[in-house]
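The values are calculated or read from the model by the stated rules, or taken from the named source; none is laboratory data. None of these values were measured; they are calculated from a predicted model. Cβ coordinates were reconstructed from backbone atoms using ideal geometry, including for glycine residues, and neighbour counts include every protein chain displayed. Areas reflect the complete protein model, heavy atoms only, side chains present, ligands, DNA and RNA absent. Shrake-Rupley method; radii C 1.70, N 1.55, O 1.52, S 1.80 Å.
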Amino acid sequence: MMLVRSSRIAGLGHYVPERRVENEEIETKLGLEAGWIERRTGIRARRWAAPHQALTDLAVEAGAMAIDNAGIARADVGLTLLATSTPDHLLPPSAPLLSHRLGLPNSGALDLTGACSGFLYALTLADGFVRTQGKPVLIVAANILSRRINPEEQGSAILFADAAGAVLLAPSDSAGSGLLGVDLAADGSHYDLISIPAGGSRRPFIEGMDPRELLMTMRDGRSVFSQAVRMMTKCSMRAMQQADIAAAEVDRFVPHQANIRIFDAVCENLGIASSKTVHTIEEFGNSSAATIPLSLSLSNISRPFASGERLLLTTAGAGLAGGSVVLGID
């Protein structure tokens, strides 16, 4: 077993479907006045998958981009982690298919169903694997949430989108790269704030079931907002403390793109300059676990990450599960 000092981001990738859905289309269906969605959420448009696209179709595109960006041989990848709430099938898991389609002959593969927090949990697990096994890990977060939206429910219909983002994590000898601080959290007392009521073991599929029970519902939007702000703020403070950095030393703040008002509130609570916040919600909406790696990839294209940068990533979502990571760039 090869023990390494740390991990590093070796490659980044993303994919969004071609179909761009502007707010006007949704506002018309819901009877909302023009501009209402953007004022409430910051979203102007989102992408929805084509009818022929499945989850792994999106994930393959993002994963391939990250591997190519890293310049690492596909045979060297030791593990594939797929963070998703919308797999191709309930069984079998989708990660083995993703790994196969990407041509990763020596990779284990696992689905993670952490909802909006899935990517950060996967990133944390990947860092441990890289350190102990000395092998690169491919992390892909992807969702097709357009097929889980209840078009009659305003709270979820205005937010959710389809996208994929990917990170290739590789071994590093630098003490300043990889995960410098991590804080993960969960609060099951708010378990049902965001849910798909039926389809699991508690309410299995039965003949005659109302199809709306298989769609996403948001029970209390105000509570989702307040609990997300609370969890993201606390986790960020603890992660920065663990990394021994102050808010002023964060180079880029990359929050889960749930609602612009949520991450603006977290930014203010932490004392991070708003100019450091990475925004993708305006054009791509909320694709749950995919938003952070999508944002990382797009931010790197816009202004490539420089050695020594420190990024603060934070999220909260269904479960209630969340967390924060301070990530150092090699």
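I need the shape label for the range 92-143. Rule: rounded when a/c is under 1.5, else prolate if a/b > b/c, else oblate, with a, b, c from the alpha carbon gyration tensor. Judged from the Cα gyration tensor, the range 92-143 comes out oblate (a/c at least 1.5, b/c at or above a/b).
What shape does the range 288-330 have by the C-alpha gyration tensor, where a ≥ b ≥ c are the square roots of the eigenvalues, rounded means a/c under 1.5, and otherwise prolate means a/b greater than b/c and oblate the rest?
oblate
A DSSP coil position with no more than 15 other Cβ atoms inside 10 Å describes the following chymotrypsin sites (Phe, Trp or Tyr not before Pro) in the range 177-231: 191, 205.
Using only the Cα atoms of the range 219-310, build the gyration tensor, take square roots of its eigenvalues as a ≥ b ≥ c, and label the shape rounded, prolate or oblate: rounded if a/c is under 1.5, else prolate if a/b is larger than b/c, else oblate. Since a/c reaches 1.5 but b/c is at least a/b, the shape of the range 219-310 is classed as oblate.
When shorter helices are ignored and each DSSP H run of at least 4 residues is given -39500 (n - 2.57), the per-residue value for the chain at 222 nm works out to -10000 deg cm²/dmol. Local charge for residue 145 was computed over the other residues whose Cβ lies under 14 Å away, with Lys and Arg +1 and Asp and Glu -1, and equals +3. Look at the alpha carbon pairs under 8 Å that are at least 6 residues apart: their mean separation over the length of the range 208-287 gives a relative contact order of 30 percent. For the pair residue 28 and residue 203, the difference between a 0.36 nm per residue extended length and the Cα-Cα distance amounts to 59.7 nm. Each label was represented as a point 7 Å from its Cα along the Cα-to-Cβ direction; for residue 38 and residue 5 these points are 4.8 nm apart. Ligands, DNA and RNA left out, the accessible area of the range 64-152 computed with a 1.4 Å probe is 57% carbon and sulfur. Summing Lys and Arg as +1 and Asp and Glu as -1 over all other residues whose Cβ lies under 14 Å from the Cβ of residue 68 gives a net charge of -1.
Summing +1 for each Lys or Arg and -1 for each Asp or Glu among the other residues whose beta-carbon sits under 14 angstrom from that of residue 49 gives +1. Per residue, the accessible area of the chain comes to 43 Å², computed with a 1.4 Å probe over protein heavy atoms only. Of 287, 275, 177, which has the largest mean-square fluctuation in a 10 Å C-alpha GNM of the chain? Most flexible of the set in this elastic network: 275. Expressed as a whole percent, the accessible area of the range 185-330 that falls on carbon and sulfur atoms is 51 (1.4 Å probe).
Of the candidates 130, 21, 60, which one comes out as most mobile in a Gaussian network treatment of the chain with C-alpha springs shorter than 10 Å? Of the options given, 21 has the highest mean-square fluctuation.
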